[in-house]
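These notes concern the structure reproduced below.
What follows draws every value from the coordinates through simple rules; no lab data is involved. Fair warning: this is a prediction, and the values are worked out from it, not measured in the lab. A quick note on method: Cβ atoms are made from the backbone with ideal geometry, for glycine too, and the neighbour counts reach across all protein chains shown.
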Amino acid sequence: MSIVKVGLIGIGIMGKVYAHQLDKAQVNGAMLTAVCGREKQSEWVKDNLSANVKFYTDEDTFFNDSELDAVIIATPHFSHPDLAIKAFAKGIHVLLEKPAGVFTKNVLEMNEAAVASGKTFAMMYNQRTNPMFQKSRSLIQSGELGEIKRTNWISTDNYRSQSYYDSSSWRATWSGEGGGVLLNQAPHQLDLMQWTTGMELKNVHAFCHSGKYHNIEVEDDVTAYFQYENGATGVFISSTGEAPGTNRFEVVGDRGKLVIENNKLTFFRLTQSEREFNATYKGGFGEPEAWKIDIPVKGEYLNHIGIIQNWIDAILKDTPLLSPGDEGLKVVEMVNAIYLSSWLKQTVEIPVDPDEYLKLLHEKMDS
């Protein structure tokens, strides 16, 4: 195979972006051959894409008749696992828009189907292509920070007005999207927290406030407290009701602290381990000396197209995936644990009970 015939299902905001990128040959080795959407989107397809791109309104016909090698799924959240499973059953490679799903039960089934198919499966975690987060991951996992003690991410620069939520009836509903800020705006940050540090979560205690700043039924304000397997702790804060917002990520280790804010990466590097200083210093109020280092970050932020190109290269050349599909489970696991903790008003261990979570989610959807 020298060219991957790619299909796209879901012609929303991001689906249109992907369709343009593929149709204008911005992805080497890929050719857009078919799209699937609602009938009313046929005019957009006719006016904006090449004449040889076939348009479908029925997903089964799309998968059965379009002779695809690969598909990008950019539909509403609930449909992600089911559509991916259909694609794998047809021997089609899959790139899935975030989140991987709404609940872990069918995300686990999707991952099993991916393994059984042997096809290339990737997640659209486009921020993994950002050189700043790649550099952070390299520094952390090389041991420069030493043993990680704490993570902290304040992600409140996702302001949304009431008109945003009023624009579609499915927005900000349990039955339409399966959640609020956690499933819509926060998945990238939650993914980067675990990807850069490489740490596994042990448990979560969280507080989700539904309709705090908007007339919606799902959460628009979240504070979650994490405990990691290595004993480190973390705090994650996200909201769509604060202006101006903050986007600040800190990782603290016994050898210093990394801070990402305002497109800058700063390393406060200790001249000796804090644990060593603590055990040996006799001067009372002293603290370890720290050097403030502005870390130079090189490389281009390739964003969404970088993930698509990496996925195509993995299909054609066995290039390692930057964002493997099975890793989408980690964020859904975190989100489910945060919701479950808030609903039960207690600390929740990870992994969550998939059946218990699904039962409570259905109660929310039916209420």
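So who's got an amide H within less than 5 Å of the one on residue 246, skipping anything under 5 residues away but keeping other chains? H placed 1.01 Å off N, in plane.
Placed amide hydrogens put 156, 157 under 5 Å from residue 246.
Select from the chain the helices, each a whole stretch of DSSP H, whose alpha-carbon atoms run 27 Å or more along the helix axis and whose Kyte-Doolittle mean is at least 1.6; answer none if there are none.
Taking the DSSP H segments of the chain (at least 27 Å long, mean hydropathy at least 1.6), we get none.
All other residues with a Cβ under 12 Å from the Cβ of residue 152 taken together, and with Lys, Arg as +1 and Asp, Glu as -1, what is their net charge?
Once all neighbours under 12 Å are counted, the net charge is +2.
Kindly identify region 269-314 as rounded, prolate or oblate by the Cα gyration tensor criterion: order the square roots of the eigenvalues as a ≥ b ≥ c, call it rounded if a/c is under 1.5, otherwise compare a/b with b/c, prolate if a/b is larger, else oblate.
prolate
Post the alpha-carbon centroid distance, region 240-299 to region 35-107, in whole angstrom.
Here the two parts' Cα centres lie 44 Å apart.
With a 10 Å radius around each residue's Cβ, average the other Cβ atoms per peptide and rank 237-249, 64-76, highest first.
Highest-to-lowest ranking by the protection proxy: 64-76, 237-249.
Of the peptides 259-270, 147-158, how do they stack up when ordered by the mean number of other Cβ atoms within 10 Å, highest first?
Result, highest mean Cβ count within 10 Å first: 147-158, 259-270.
Would you calculate the convex hull of the Cα atoms in region 223-334 and tell me its volume per residue in Å³?
Hull volume normalised by residue count: 205 Å³.
Tell me the Kirkwood hydrodynamic radius of region 1-160 in angstroms, computed as one over the mean inverse distance between distinct C-alpha pairs.
Over region 1-160, the inverse of the mean reciprocal pair distance is 17.5 Å.
Given Cα pairs under 8 Å that are at least 6 residues apart, what percent is the relative contact order of region 285-367?
15 percent
Looking only at Cα atoms, what is the convex hull volume of region 296-340 per residue, in Å³?
113 Å³
Cut-off 10 angstrom, C-alpha nodes, Gaussian network model of the chain. Which of 321, 95, 32 fluctuates the most?
It is 321.
Mean separation of Cα pairs under 8 Å and 6+ residues apart, divided by the residue count of region 218-367: what relative contact order is that in percent?
Relative contact order here is 11 percent.
Decide, for region 205-245, between rounded, prolate and oblate: order the square roots of the alpha carbon gyration tensor eigenvalues as a ≥ b ≥ c, take rounded if a/c falls under 1.5, and otherwise choose prolate if a/b is larger than b/c, else oblate.
Since a/c reaches 1.5 but b/c is at least a/b, the shape of region 205-245 is classed as oblate.
Around residue 206, under 15 Å between beta carbons, what's the net of Lys plus Arg minus Asp minus Glu among the other residues?
Residues near residue 206 contribute -2 overall.
What shape does region 123-230 take by its C-alpha gyration tensor, where a ≥ b ≥ c are the square roots of the eigenvalues and a/c under 1.5 counts as rounded, a/b above b/c as prolate, and the rest as oblate?
prolate
Can you give the extra length, in nm with one decimal, that the chain gains between residue 294 and residue 38 once fully stretched, where that is 0.36 nm per residue apart less the Cα-Cα distance?
87.3 nm
Could you give the length gained by full extension between residue 367 and residue 344, i.e. 0.36 nm per residue of separation minus their alpha carbon distance, to one decimal place?
Residue separation times 0.36 nm, minus the Cα-Cα distance, leaves 6.6 nm.
Per 0.36 nm of contour for each residue apart, how much would the distance between residue 20 and residue 164 grow if the chain were fully extended, relative to their Cα-Cα spacing?
49.4 nm
List, in order, the whole-Hz ³J(HN,Hα) value for each residue of region 232-246 obtained from phi through the Karplus relation with A = 6.51, B = -1.76, C = 1.60 and θ = phi - 60°; use x for Gly and Pro.
Rounded to whole hertz, the list is 5, 10, x, 10, 10, 10, 9, 7, 10, x, 10, 9, x, x, 10.
In the structure shown, do any of 264/292; 149/202; 24/54; 46/86 have a Cα-Cα gap over 23 Å, and if so which?
Table pairs above 23 Å Cα-Cα are 46/86.
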